[in-house]
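Student: First the structure, then my questions, so here it is.
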């Protein structure tokens, strides 16, 4: 059974050598028809390697020279150039497992626009990482998670045996259609890093779409491969959480609660770094 062509989008910033594994796996996967590499900033040596990699393959497109515009904006830039009717988003330090796309596209075959399908994200020990399966994001879950008590993600719960609906999946690895992505307006570029995937899933549900988690699809995620300072990454995450709750606050009282809560979220994330 043939499936729609898939354009894989990889946004990279100071990723390190795991980027090579990511790109090699994508280029070897028969279900990936195109790779769009968005360079938000990498060392000259890595840029030179990517240039050689792309020159040897007719289906690799490199977008560079725009600087570090943020993750969501980088994905949107790549999506504008995507030729395939399906778009795969995958982190630059993640390696796609064989036949994952076939599983995701089979799950998508009965869905109406808009739809998003995520999959399992596992570490080098084979253990499921945080974020691939998540409940809806609330202020309480944000605060408790920031303080070290995980009330949000579901990796400690029994995994499903087949595709299931999920409030939130991870932007590190998901498949959607170009039509779905356009219908949703892509990522909100007001998020520089983190939470843009939560926002996208929420908007998908709000427009009558579907968000699924497919355990038959997976990536090996190395994680912590970027040279970006962790304190800066955490600051971006705190800013993104603040933007999310402000954006979706409903009424004056809700907005007041959000403003009173945001400092506690920032404090919890600061304490977690110490």
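Student: In the stretch 108-118, what count of residues is obtained for those that are more than 13 Å from residue 155 (Cβ to Cβ) and assigned to a strand (DSSP E or B)?
Tutor: Residues that pass the stated criteria total 3.
Student: Then there is this: Going residue by residue through the stretch 208-224, is there one that turns out to be closer than 17 Å to residue 139 by Cβ and either outside any loop (DSSP other than H, G, I, E, B) or out of contact with any helix residue (DSSP H, G or I) (no Cβ under 7 Å at 6 or more places or on another chain) (or both)?
Tutor: So far as the stretch 208-224 goes, no, none of its residues is closer than 17 Å to residue 139 by Cβ and either outside any loop (DSSP other than H, G, I, E, B) or out of contact with any helix residue (DSSP H, G or I) (no Cβ under 7 Å at 6 or more places or on another chain) (or both).
Student: Conditions: (1) touching a strand residue (DSSP E or B) at 6+ places or on another chain (Cβ under 9 Å); (2) outside any strand (DSSP E or B); (3) at negative phi; (4) in contact (Cβ under 8 Å) with a residue 12 or more places away in the chain. Residue 15 meets all but one. Number of the miss?
Tutor: So the condition that residue 15 fails would be (1).
Student: Within the stretch 146-169, how many residues turn out to be within 24 Å of residue 242 (Cβ to Cβ) and touching a residue at least 40 places away in the same chain (Cβ under 8 Å)?
Tutor: 6
Student: OK, next. Can you find, within the stretch 133-151, the residue that is nearest to residue 206 (Cα to Cα) among those that are buried (at least 17 other Cβ atoms within 10 Å of the Cβ), in contact with a helix residue (DSSP H, G or I) (Cβ under 7 Å, 6 or more places away or on another chain) and modelled with pLDDT under 95?
Tutor: 139
Student: Which one of these does residue 21 not meet: (1) outside any helix (DSSP H, G or I); (2) touching a residue at least 60 places away in the same chain (Cβ under 8 Å)?
Tutor: Residue 21 satisfies every listed condition except (1).
Student: Right, here's the next one. Would you pick out the residues in the stretch 119-145 that are without any contact (Cβ under 8 Å) to a residue 40 or more places away in the chain, in a loop (DSSP other than H, G, I, E, B) and more than 25 Å from residue 181 (Cβ to Cβ)?
Tutor: Residues satisfying the conditions are 125, 126, 127, 138.
Student: Let me ask something else about it. Restricting attention to the stretch 173-195, which residues are under 20 Å from residue 22 (Cβ atoms) and either touching a helix residue (DSSP H, G or I) at 6+ places or on another chain (Cβ under 8 Å) or surrounded by fewer than 20 Cβ atoms within 10 Å (Cβ to Cβ) (or both)?
Tutor: Once the filter is applied, which keeps residues that are under 20 Å from residue 22 (Cβ atoms) and either touching a helix residue (DSSP H, G or I) at 6+ places or on another chain (Cβ under 8 Å) or surrounded by fewer than 20 Cβ atoms within 10 Å (Cβ to Cβ) (or both), the stretch 173-195 yields 174, 175, 187, 193, 194.
Student: Which of the residues spanning the stretch 183-207 are under 17 Å from the mean Cα position of the chain (by Cα), more than 29 Å from residue 231 (Cβ to Cβ) and touching a residue at least 60 places away in the same chain (Cβ under 8 Å)?
Tutor: Hits for the stretch 183-207 are 184, 204.
Student: For the stretch 47-67, give me each residue that is crowded, with 16+ Cβ neighbours inside 10 Å, touching a strand residue (DSSP E or B) at 6+ places or on another chain (Cβ under 8 Å) and over 16 Å from residue 6 (Cα atoms).
Tutor: Of everything in the stretch 47-67, those that are crowded, with 16+ Cβ neighbours inside 10 Å, touching a strand residue (DSSP E or B) at 6+ places or on another chain (Cβ under 8 Å) and over 16 Å from residue 6 (Cα atoms) turn out to be 50, 53, 54, 62, 63.
Student: If you scan the stretch 173-193, which residues turn out to be within 19 Å of residue 153 (Cα to Cα) and at pLDDT 95 or above?
Tutor: Residues satisfying the conditions are 173, 174.
Student: With the structure loaded, tell me whether residue 52 is under 30 Å from residue 161 (Cβ atoms) and out of contact with any helix residue (DSSP H, G or I) (no Cβ under 7 Å at 6 or more places or on another chain) or whether it fails that test.
Tutor: no
Student: Here's a follow-up. Would you please name the residue that is surrounded by the fewest Cβ atoms within 10 Å (Cβ to Cβ), looking only at residues in the stretch 196-207 that are in a helix (DSSP H, G or I) and in contact with a helix residue (DSSP H, G or I) (Cβ under 9 Å, 6 or more places away or on another chain)?
Tutor: Here the residue is 202.
The values are calculated or read from the model by the stated rules, or taken from the named source; none is laboratory data. As the structure is a prediction and not an experimental result, all values here were calculated from the model. When we count neighbours, we look across all protein chains shown, and the Cβ atoms used for this are built from the backbone with ideal geometry, even at glycine.
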